[in-house]
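The values are calculated or read from the model by the stated rules, or taken from the named source; none is laboratory data. Every value quoted in this text rests on a predicted model; they were computed, and no experiment measured them. Glycine also receives a Cβ, built like all others from the backbone with ideal geometry; neighbour counts cover every protein chain displayed. In case anyone asks, the SASA skips ligands and DNA or RNA and just uses the protein heavy atoms, side chains included. Shrake-Rupley method; radii C 1.70, N 1.55, O 1.52, S 1.80 Å.
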Amino acid sequence: MKAIVALGAWVFNWLESVGRAGIFIMQSIFRMPTRWGESINLLVKQLYSVGVLSLVIVIVSGTFIGMVLSLQGYSILAKFGSEEAVGQLLALSLLRELSPVVTALLFAGRAGSSLTAEIGLMKTTEQLSSYEMMGVDPLRRVIAPRFIAGVICLPLLSLIFSAAGILGGQLVSVGWLGVHDGAFWSSMQQSVYFDTDVLNGLIKAMCFAVAVTWIAVYQGYECAPTSEGIGKATTRTVVLGSLAVLALDFVLTAAMFGDF
Amino acid sequence: MGNDSINTYLVQMEGVSVKNAYVSVSKLSFSRGERLIYDDVSLTIPKGKITAIMGPSGTGKTTLLRLIAAQLDPDSGTILVDGQNLHKLSRTDLYKERKKMGMLFQSGALFSDMSVAENVAFPLEEHTKLNAVSIQQIVNDKLHSVGLRGASKLMPAELSGGMARRVALARAIALDPQLVMYDEPFTGQDPISKGVLVKLIKQLNDSANITSVIVSHDVDESLSIADHVCILAGGKVVAEGAAEEIRHSLDPQVKQFLNGEPDGPVPFHYPDESVSVPGLKGESA
């Protein structure tokens, strides 16, 4: 009986916190800026901090994943004499699955944790209260630019990840393993479609971006204003963000590519 | 003036009557979880005067400032600021009213990504339509008034604790507010910084005729400039009156607090229900 009560309480609390997080994000993004110029400046600053500073980790990871994928793909395809299809394998794996998922996981670890820690520290040092006391809405000033920057950056980073992966894969399969250059690119050109592959991958990345950035800003805003609270909130961002990405990936893949 | 008369004190010093209260708190109750912070508290903050709200650590002095500024909502009771109940206002109206208030936070709460000048200019840029030259002029004036005009280009991380508090004060008064609330302004300050802050608060109050509320447990500094004093303990107002009257109060709680005595009605030890002292069973320790 106690277990049922505890489960009910847990579900109730969970629903309440989801509702609170929903109201939080709606209030953040649907409040019109009072000064557009300032809001655009804040957004550009966050695009740099969240997006540009994530480029190195995304490009390096994409290149290595593309290289490994080529090695693995080649060793299997060579058994069937189809090593030219390694380009197709590489492009479809990256565009449909690996780029959005791995980029989102990297994003949660680098940008998401940084967002949570930054907002949490602003709360701990009373900067958020200070905005409120000056009659400035911290949701509009602090949360909105960070959330919008995350939603814009992650799909673009996912595309860059795909490009880096394909170039890394080409380096290994064409430059090292001796796959014909023309065959590599033409197999890719024939099998990749914009709407089913590129667009679906971008939609996935967009959904992951909303989930990860939402979790990151909410955890920072709601964290306990102590060093321990910031640490816990940052960990929660990475764990919950990663789990949300993997769970959403299954749902989206089933909806996009499942043959029901 | 006896204890009873202090406790029932109505603000009457220097011709200021309760009608001139800028903030009036009536029958305020507030709790955090199971812990009752305020139990049916009433007090007044007279207009144009310096009011010191004092009491032992953990009494909820900072909480009172947040309740006055409507950052927290009371469980019951009303708080009127300049005749308005801020807790009943919409968010937009509340933010408009907050432009009339300034608050000096305990930590300074300077925006770490802005320079000193940008911090002071921020409320002006947000709430006025002044051009950049006028804003720069006001920023220079405000920084000059706290003695930090030369530090305008420094970042908050480059400031000492005392300097950060003074910059925060310049920012708090940038919009020439009617009410300025100081949260523990003297805590962690060296004697020189304390002296400078005391002088600044007094000067600002006198020159701009603003209403000042100082939350502090620094007795000497607070009493030296306060016109009106309110002492809180155990979720109640234990004394309220003019500074001199409070200084000579015979109330044991007031005396213990002002003289820093370890023994008295305010316990030094946090209550520990798991510890029972032999021989004290059934007695009040």
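Key figures
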quantity: Accessible surface buried once B binds A (1.4 Å probe; total of both sides; Å²); calculated: 2000
quantity: B:Tyr22 accessible area, 1.4 Å probe, all protein chains in place, Å² to nearest 10; calculated: 10
quantity: Net charge, A:Trp185 excluded, C-beta distance under 15 Å - Lys, Arg +1, Asp, Glu -1; calculated: -3
quantity: Local electrostatic count at A:Met122 - Lys and Arg +1, Asp and Glu -1, tallied over other residues with Cβ under 15 Å; calculated: -1
quantity: Reciprocal of mean inverse Cα separation for segment A:3-63 (Kirkwood radius, Å); calculated: 15.4
quantity: At least 20 Å² of accessible area lost relative to the chain alone, listed for segment A:128-146 with a 1.4 Å probe; calculated: A:Ser129, A:Ser130, A:Tyr131, A:Glu132, A:Met133, A:Met134, A:Gly135, A:Val136, A:Asp137, A:Arg141
quantity: Sparse-neighbour loop sites [chymotrypsin sites (Phe, Trp or Tyr not before Pro); segment A:124-229; at most 15 other C-beta within 10 Å; DSSP]; calculated: A:Tyr193
quantity: DSSP bridge pairs, chain B: antiparallel proportion in percent, nearest 5; calculated: 55
quantity: Listed residues A:His180, A:Gly229, A:Leu156: farthest to the positive end of the dipole of chain A (Cβ charges); calculated: A:Gly229
quantity: Rg [Å, one decimal], Dmax [Å, integer] - segment A:158-200, C-alpha atoms; calculated: 11.4, 32
quantity: Shielding of B:116-124 by partner chains, average beta-carbon count, 10 Å; calculated: 1
quantity: For the protein assembly as shown, share of DSSP beta bridges that run antiparallel, in % to the nearest 5; calculated: 55
quantity: Net dipole in debye of segment A:36-253 [+1 Lys, Arg Cβ; -1 Asp, Glu Cβ; about Cα centre; nearest 20]; calculated: 260
quantity: Dipole magnitude of the protein assembly as shown, debye to nearest 20 (Cβ charges: Lys/Arg +1, Asp/Glu -1, about Cα centre); calculated: 820
quantity: Qualifying aspartates and glutamates (Cα of each under 12 Å from Cα of B:Lys199; at least 8 residues distant if same chain); calculated: B:Glu221
quantity: B:Arg149 accessible area, assembled protein chains, probe 1.4 Å, Å²; calculated: 120
quantity: For q = 0.21, 0.29 Å⁻¹, Debye-computed log10 I/I(0) when each Cα of segment B:38-91 counts as one equal scatterer; calculated: -0.90, -1.46
quantity: Positive-end residue, segment B:104-197 charge dipole about Cα centroid, Cβ charges, pick of B:Ala174, B:Gly195, B:Asn119; calculated: B:Gly195
quantity: Linear extension gain, B:Glu125 paired with B:Thr92, 0.36 nm per residue minus alpha-carbon span; calculated: 10.1 nm
quantity: Prolate/oblate/rounded call for segment B:53-208, Cα gyration tensor, a/c under 1.5 rounded; calculated: oblate
quantity: Burial ranking of peptide ranges A:67-77, A:134-144 (average Cβ count within 10 Å, highest at the top); calculated: A:134-144, A:67-77
quantity: Estimated Rh, segment A:15-109: Kirkwood, alpha-carbon pairs, angstrom; calculated: 17.0
quantity: For segment B:244-258, Karplus couplings with θ = phi - 60° (6.51, -1.76, 1.60), whole Hz, Gly/Pro x; calculated: 5, 5, 5, 4, 9, 5, 9, 4, x, 5, 5, 4, 4, 5, 5
quantity: Accessible surface of A:Met256 - all protein chains present, 1.4 Å probe, nearest 10 Å²; calculated: 50
quantity: Inter-part distance where segment A:236-260 and segment A:178-233 are each reduced to a Cα centre, Å; calculated: 11
quantity: Kirkwood Rh (inverse of mean 1/r, distinct Cα pairs), segment A:76-177, angstrom; calculated: 16.6
quantity: Net charge over other residues, Cβ less than 14 angstrom from the Cβ of A:Gln170 (K, R count +1; D, E count -1); calculated: -3
quantity: Unit charges on C-beta of K, R, D, E only; dipole of segment B:185-243, Debye; calculated: 80
quantity: For segment B:47-56, 3J(HN,Hα) per residue [Karplus equation, 6.51 cos²θ - 1.76 cosθ + 1.60, θ = phi - 60°, Hz, x = Gly/Pro]; calculated: 6, x, 10, 9, 10, 9, 9, 10, x, x
quantity: Square roots of 5 times each gyration tensor eigenvalue, C-alpha, segment A:107-260, largest first, Å; calculated: 40, 16, 14
quantity: For chain B, diffusion coefficient by Stokes-Einstein and Kirkwood Rh (Cα), 25 °C, 0.890 mPa s, µm²/s; calculated: 122
quantity: Solvent exposure ordering (accessible area, 1.4 Å, most first) of A:Val251, B:Val23; calculated: A:Val251, B:Val23
quantity: Ratio of Rg to Rh over chain A (Cα coordinates, Kirkwood Rh, two decimals); calculated: 1.07
quantity: Largest to smallest accessible area among A:Arg110, B:Arg166 [probe 1.4 Å]; calculated: A:Arg110, B:Arg166
quantity: Computed lengthening from A:Val251 to A:Gln27, 0.36 nm per intervening residue step minus Cα-Cα distance; calculated: 77.9 nm
quantity: Rg over Rh [alpha-carbon atoms, Kirkwood Rh] for the protein assembly as shown; calculated: 1.11
